[in-house]
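Please treat every number below as a calculation from the coordinates, not as lab data. Here the structure is a predicted model, which is why all the values come from computation and not from measurement. Note that each Cβ is placed from the backbone with ideal geometry, even for glycine, and that neighbours are counted across all protein chains shown.
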Amino acid sequence: MPGRRDYTRCWPATVVSIAAERIERLSELASEAAASGETDRAREYVRLARRIAERNRLPLPRELKRFTCDRCAAYLRPGRNARVRVEDGRVVITCGCGAHSRYPYNR
Ligand SMILES: [Zn+2]
């Protein structure tokens, strides 16, 4: 019996790694855009990265999780468009749009 090659077995892993690379790249682009003051472009990259992560059920890179606003998708830069405070062992990041995010403070 002629053997059929099973492409589907290696396919998902390839798709996942391409998606993960794209997210990584978008995260860098968002950071660069935010650094040069292009906040709207940074937002677009953040939104794209989130969409790809969601569709592929991939975790977001740590910097995209922490330094982006859940409400307006801005790439947050402490001292520029965000304030960072530490209260009761938590880090509170306030976006320029007024949204707060809280994270446990890792010691
Ligand atoms: Zn915001």
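Which ³J(HN,Hα) values, rounded to whole Hz and listed in residue order, are derived for the stretch 91-102 from phi using the Karplus coefficients 6.51, -1.76 and 1.60 in 6.51 cos²θ - 1.76 cosθ + 1.60 with θ = phi - 60°, glycine and proline given as x?
So the Karplus estimates, Gly and Pro as x, are 9, 10, 10, 10, 7, x, 7, x, 6, 10, 10, 10 Hz.
If neighbour count is taken as other Cβ atoms inside 10 Å, put SER17, SER101 in order from fewest to most. Walk me through the intermediate numbers first.
Values: SER17 11, SER101 18.
Listed from fewest to most nearby Cβ atoms, that is SER17, SER101.
For GLU28 and VAL15, calculate 0.36 nm times their separation in residues minus their Cα-Cα distance, and state this gained length in nm to one decimal.
On the way: separation 13, 0.36 × 13 = 4.68 nm, distance 2.02 nm.
Additional length available on full extension: 2.7 nm.
Size of the chain along its principal axes in angstrom, Cα-based, largest extent first?
68, 32, 20
With a 10 Å cut-off between alpha carbons and a GNM built on the chain, which of ARG43, ARG57, ARG22 moves the most?
Fluctuation is largest for ARG57.
Please give the calculated 222 nm ellipticity per residue for the chain, where each DSSP H segment of at least 4 residues contributes -39500 (n - 2.57) and the sum is spread over every residue; nearest 500 deg cm²/dmol?
On the way: 3 runs with 47 residues, N = 107.
It comes out at -14500 deg cm²/dmol, rounded to the nearest 500.
Under a point-charge model restricted to the Cβ atoms of Lys and Arg (+1) and Asp and Glu (-1), what is the dipole moment magnitude of the stretch 7-104 relative to its Cα centre, in debye to the nearest 20? Mind dumping the intermediate values first?
Numbers: 20 positive and 12 negative charges, 52 e Å.
With only Lys, Arg, Asp and Glu charged at Cβ, the dipole is about 240 debye.
Mind running the shape call on the stretch 56-107? Use the C-alpha gyration tensor, a ≥ b ≥ c as the square roots of the eigenvalues: rounded below 1.5 for a/c, prolate if a/b tops b/c, oblate otherwise.
Details: a/c = 2.03, a/b = 1.15, b/c = 1.76.
It comes out oblate by the Cα gyration axes.
Could you pull out every residue, at least 5 positions away or on a different chain, whose amide H is within less than 5 Å of the one on ALA82? Hs are placed 1.01 Å off N in the peptide plane, and Pro or chain starts have none.
Under 5 Å from the amide H of ALA82 lie the amide H atoms of ARG77, each far enough along the sequence or on another chain.
Taking the 0 to 90 degree range and rounding to the nearest ten, how far is the long axis of helix 11-35 tilted relative to the main principal axis of the chain, both from C-alpha atoms?
Rounded to the nearest ten degrees, it is 20.
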